[in-house]
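Worksheet: one structure, shown below.
The values are calculated or read from the model by the stated rules, or taken from the named source; none is laboratory data. Keep in mind the model is a prediction, meaning the values are calculated, not measured. Backbone-built Cβ (ideal geometry, glycine too); neighbour counts: all protein chains shown.
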Amino acid sequence: MNGTVLSHGMNAGEAIYGKSISIIDSLLKDDKRFEDSYSEAEKTVVKRVIHATSDISYAGTIFFTNGSAEKSIRLIKEKILKKEPLKIVCDSEMTKAGISRNVNKNIIMDLSCYINSSGTPPDASGTTKSAFSIKTAISEKLPDIIIIGNAPTALAAAVDICGELYKTINYKPSLIIGMPVGFVGASESKEALYKNNFFNAIGNFGNLGGSSSAAAAMNALLRESL
């Protein structure tokens, strides 16, 4: 069986992924909202998140603002052409670990995560470590892409610091992926990202999310940039 797979130019992992996407396609074939709401690039992102989470409900909750999927794919292709690193800041080691360097080996990725750094908030009562750390990371790295998969406070802080940096040094990330998970602040932080409309964003409505969802969205963009 493995020989058959390899003879068609696929390894076992790619074959399983392809079969999974075929199953997802069959589950979504009668979903008119999915078909009508998303562009082809956006559908690829949604299906990759569903594949990573085994949760078909993402087909109705993921949002894209300002043509973010298409713009991000173009950005990655430009980085490849120019042989420039794609700078990405993540909110957790789990999110960072979920981003695959093997999806698109043509791109040089500069992946950072500051959440587990030794820095501490100057006002522990009013700032979470996640919020403090992501602000530090963004200010120091000025990343192309910011990915939040765990902490709602980190997403709110990322939007806040990016707004401040735009006013002072005209810095604006090319993309914010915001998919924090939880019952406290997660839904609200993503709703705020969606309504902000200043940033190119990918996120999802509701309490669901997590590092695997956020990383999967990024991996889909990398795959589409081949």
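Which residues, taken from the stretch 180-195, are over 24 Å from R48 (Cβ atoms), touching a residue at least 12 places away in the same chain (Cβ under 8 Å) and not aliphatic (A, V, I, L, M)?
Of all residues in the stretch 180-195, those over 24 Å from R48 (Cβ atoms) come to 183-185, 188, 192, 195.
If we keep only those that are touching a residue at least 12 places away in the same chain (Cβ under 8 Å) too, we end up with 183-185, 188, 192.
F183, G185, E188 - these are the residues of the stretch 180-195 that are over 24 Å from R48 (Cβ atoms), touching a residue at least 12 places away in the same chain (Cβ under 8 Å) and not aliphatic (A, V, I, L, M).
For the structure I just gave you, tell me whether I88 is of a type in the set (A, V, I, L, M, F, W, C) and farther than 23 Å from L208 by Cβ. Considered against the rule, which asks whether it is of a type in the set (A, V, I, L, M, F, W, C) and farther than 23 Å from L208 by Cβ, I88 comes out as no.
Tell me whether the stretch 213-224 contains one or more residues that are crowded, with 16+ Cβ neighbours inside 10 Å, without any contact (Cβ under 8 Å) to a residue 60 or more places away in the chain, closer than 24 Å to R48 by Cα and of a type outside the set (D, E, K, R).
Start the filter on the stretch 213-224 by keeping residues that are crowded, with 16+ Cβ neighbours inside 10 Å, which leaves 213-224.
Imposing the further condition that a residue be without any contact (Cβ under 8 Å) to a residue 60 or more places away in the chain reduces the set to none.
Within the stretch 213-224, none of the residues are crowded, with 16+ Cβ neighbours inside 10 Å, without any contact (Cβ under 8 Å) to a residue 60 or more places away in the chain, closer than 24 Å to R48 by Cα and of a type outside the set (D, E, K, R).
Note on the stretch 187-200: among residues that are surrounded by fewer than 24 Cβ atoms within 10 Å (Cβ to Cβ) and not polar (S, T, N, Q), the one that is nearest to I76 (Cα to Cα) is F199. The criterion of at least 3 residues that are surrounded by 13 or more Cβ atoms within 10 Å (Cβ to Cβ) and not assigned by TED's automatic domain parsing to the domain that holds G206 is met, among helices (runs of 4 or more DSSP H) falling completely within the stretch 1-101, by 12-28, 40-53.
Just one of the listed residues (V89, V46) is of a type in the set (A, V, I, L, M, F, W, C) and either touching a residue at least 60 places away in the same chain (Cβ under 8 Å) or within 13 Å of L221 (Cα to Cα) (or both), namely V46.
Taking the listed residues S72, S26, S68, the one that is out of contact with any helix residue (DSSP H, G or I) (no Cβ under 8 Å at 6 or more places or on another chain), closer than 20 Å to P173 by Cα and at pLDDT 95 or above is S68, with no other qualifying.
Regarding the stretch 135-142, can at least one residue be identified that is assigned to a strand (DSSP E or B) and in contact (Cβ under 8 Å) with a residue 24 or more places away in the chain?
Step one: filter the stretch 135-142 for residues assigned to a strand (DSSP E or B), giving none.
For the stretch 135-142, residues assigned to a strand (DSSP E or B) and in contact (Cβ under 8 Å) with a residue 24 or more places away in the chain: absent.
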